[in-house]
Amino acid sequence: MGDELLIQRTAAGFLTLDEVPPGRDLWLMATGTGVGPFVSMLAEGSCWQQFDHVVLVHGVRLGEELGYRQQIAELTQGQPRFHYVPFVSRETVPGTERGRITHAIADGSLEQRVGLTLTPEHSRVLLCGNPQMVRDTIIELKHKGLQKNLRRKPGQILMENYW
């Protein structure tokens with residue numbers, strides 16, 4: 001109560017499916033509350049027509065911070081091409097991966113877990129969350145040959161800092 005809230009006159013942002021170049025696999029990677037826009041994308045539903053596979057990767061410090069789990073389960077029920085991979089970095093929680101998203105990209109365990117490979121040809125990656133995670137994940141994805149998507153030069157990575 002009494003907190004200040006800043007609102008801009010015009011909504012802006014490029015973390016939308018309209019901005020994503022065609023591909024086979026959609027990887028949605030978030031930390032904390034950055035998962036919110038991705039839950040909205042799952043609810044809107046066009047991702048199921050645009051992509052063969054949808055992977056939602058959500059990293060948090062503590063298991064209690066894994067928000068939207070029930071809603072994600074409801075929105076993806078009956079979607080066999082959907083993979084949900086929650087990560088918890090500071091405690092062991094059943095049904096989650098232990099550690100950080102960036103480490104799982106670097107050592108290949110994320111790709112192994114979902115049975116898909118991150119490649120420039122097939123993968124489109126949306127990042128939303130803590131700015132440090134976004135920076136570190138871009139570095140790991142670049143090691144795999146993926147590049148930022150720009151309107152003047154299409155790539156595979158779109159990002160939004162969200163905290």
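Of note:
- Residue match in segment 100-111 (condition: part of a helix (DSSP H, G or I) and acidic (Asp, Glu)): yes
- When we screen Thr76, Thr117, Thr92 for residues that are loosely packed, with under 15 Cβ neighbours inside 10 Å and either in contact with a helix residue (DSSP H, G or I) (Cβ under 7 Å, 6 or more places away or on another chain) or basic (Lys, Arg) (or both), the only hit is Thr117.
- Enumeration of residues in segment 118-137 that are of a type outside the set (Asp, Glu) and over 15 Å from the mean Cα position of the chain (by Cα): Thr119, Pro120, His122
- Test: residue in segment 138-151 that is under 19 Å from Arg24 (Cα atoms) and under 12 Å from the mean Cα position of the chain (by Cα): no
- Among the residues making up segment 20-67, those that are of a type in the set (S, T, N, Q) and under 14 Å from the mean Cα position of the chain (by Cα) are Thr31, Thr33, Ser40.
- One residue stands out among those in segment 95-114 that are in contact (Cβ under 8 Å) with a residue 24 or more places away in the chain and of a type in the set (Ser, Thr, Tyr): the one that is surrounded by the fewest Cβ atoms within 10 Å (Cβ to Cβ), which is Thr96.
- Candidate set from segment 142-163 (those that are part of a loop (DSSP other than H, G, I, E, B) and surrounded by 14 or more Cβ atoms within 10 Å (Cβ to Cβ)); member that is modelled with the lowest pLDDT: Tyr162
- Positions within segment 120-141 being surrounded by 13 or more Cβ atoms within 10 Å (Cβ to Cβ), farther than 19 Å from Val54 by Cβ and without any contact (Cβ under 8 Å) to a residue 60 or more places away in the chain, in sequence order: Pro131, Val134, Arg135, Asp136, Ile138, Glu140
For every residue, the table says whether it meets (1) among the small types (Gly, Ala, Ser); (2) over 28 Å from His122 (Cβ atoms).
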position: Gly32; (1), (2): yes, no
position: Val60; (1), (2): no, no
position: Gln70; (1), (2): no, yes
position: Thr96; (1), (2): no, no
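- Within segment 45-73, considering residues that are among the acidic types (Asp, Glu) and more than 14 Å from Ala30 (Cα to Cα), the one surrounded by the most Cβ atoms within 10 Å (Cβ to Cβ): Asp52
The values are calculated or read from the model by the stated rules, or taken from the named source; none is laboratory data. Since the structure is predicted, the reported quantities are computational estimates derived from the model, not experimental observations. Quick reminder, even Gly has a Cβ in these numbers, built from the backbone with ideal geometry, and neighbours come from all protein chains shown.
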